[in-house]
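The block underneath contains the structure these notes are about, expressed in structure tokens.
The values are calculated or read from the model by the stated rules, or taken from the named source; none is laboratory data. These figures come from a predicted structure and were not determined experimentally. Cβ: placed from backbone, ideal geometry, glycine included. Neighbour counts: every protein chain shown. Side chains included, ligands, DNA and RNA excluded: accessible areas come from the protein's heavy atoms. Shrake-Rupley method; radii C 1.70, N 1.55, O 1.52, S 1.80 Å.
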Amino acid sequence: MKEIELKLQGKQKRLTNETFKFDERVKEGWFSAVYFLKTKKIAEKYKPDERVLMQFFQKDHAVLCGVDEAVALVKTFSSNPGELVIHALEDGNKIEPYETVMTVEGKYQDFGFLEGLIDGILARRTSVATNVFNVVNAAKISGRKKPVIFMGDRDDHFTQQAGDGYSAFIGGSKAQATHAMSEWWGKKGMGTMPHALLQLFEGDIIQATRAYKETFPEDELVALVDYNNDVITDSLKVAREFGSDLQTVRLDTSGSMVDQYFCRHPEVLGSFNPTGANPELIFALRRVLDEEGFQHVKIMVSGGFNAARIEEYEAKDVPVDIYGIGSSLLKIHIGFTGDNVLLNGKHEAKAGRKYRPNNRMELVEY
């Protein structure tokens, strides 16, 4: 059983290195800024008994993520972890600007070299979780909660997928593109057909969809309909061919392309941007599907979507049923800072910084 299942059942408080599988070189300081390593040596030589309190915060309204990972990092690689006192919030907590999310108290040389790593973990995980949270909220503005599929596999290095997938899970997306994205929280990746499948069948959407259906009969049938840049024609083709078996059509039209529908209907042009999977194209697609009796077929859109664009579509009541989103969810815009603010229990910090206690934090059991 995965740790996340034990945590969700209340049998385990936090995830550990059994989930995160840290690189053992962290212990050697391989990933720490060199000046932290030098300070560690000086502390060992000149200030071996001084106890510091390090606190972590950021400057936005956000959905916190990465706390379990940061706590596990400290427990795994600090010296004398049993002598450290850690207080922390929980993954998924809503946090405010400058709110303290975690403190570590102990001898500097035991844990101080991990400061930058903790900042980085919290920054990436919280950024992704917050991005996803904002998108998920945008996708339910119309009053109907619409699935958001996390499709960030091609937008960053593949080694980031497990942590990004967990952050997306914390942010509210439980449908993800790869198995690795689901590794920490217990599911498998999901997906249907890429453009590569259509290319193998020379753009013949019927042949490609039939091959998919025969190979994966247990899957919901989702057809990718923008390969030929004629989404309405190809959507009707697959709908007529597969009838009630067709669950969804997906549009991934490039933002530099104008669909053939507008070439056939130039009279509608002139008052909107006709490129990509634009609202007018989706309205037209929904209309023709409904007119031919295919009201059950859902519409999924992907390619260049973010929270602001989804809010725009939802405000216009564009008939999208599912959003697939990638790159915008991985933008790192929240930075964390770790500060030493107490020395032997007394205030001692750089100008402008001070100890900010937070009674929402809980003592972390060793």
Looking across the range 150-170 at residues that are open to solvent by 10 Å² or more (accessible area, probe 1.4 Å) and in contact with a Ser or Thr (Cβ under 7 Å, 6 or more places away or on another chain), the single one that is farthest from Asn306 (Cα to Cα) is Gln161
Considering the range 85-113, residues that are of a type in the set (Asp, Glu) and either crowded, with 21+ Cβ neighbours inside 10 Å or at pLDDT below 95 (or both), and then whichever is farthest from Ala62 (Cα to Cα), we arrive at Asp110
Of the residues in the range 241-271, those that are of a type in the set (Phe, Trp, Tyr) and closer than 18 Å to Asn229 by Cβ come to Tyr261, Phe262
Checked pairs for the range 98-125, first under 20 Å from Gly171 (Cα atoms), second of a type in the set (D, E, K, R) and part of a helix (DSSP H, G or I), C-beta under 8 Å and 6 or more apart or across chains, list as Ile121/Glu69; Arg124/Asp164; Arg125/Glu69
The correct count of residues that are open to solvent by less than 60 Å² (accessible area, probe 1.4 Å) and assigned to a loop (DSSP other than H, G, I, E, B) in the range 307-340 is 8
Checked pairs for the range 268-279, first farther than 14 Å from Val318 by Cα, second buried (at least 17 other Cβ atoms within 10 Å of the Cβ) and among the aromatic types (Phe, Trp, Tyr), C-beta under 7 Å and 6 or more apart or across chains, list as Val268/Phe262; Leu269/Phe262; Pro274/Phe262
Taking the range 14-62 and the residues there that are β-branched (Val, Ile, Thr) and open to solvent by less than 30 Å² (accessible area, probe 1.4 Å), the one that is farthest from Glu83 (Cα to Cα) would be Thr19
So, first residue in a strand (DSSP E or B) in the range 341-360, second residue of a type in the set (S, T, N, Q), Cβ within less than 6 Å, six or more apart or across chains; the pairs are Val341/Gln55
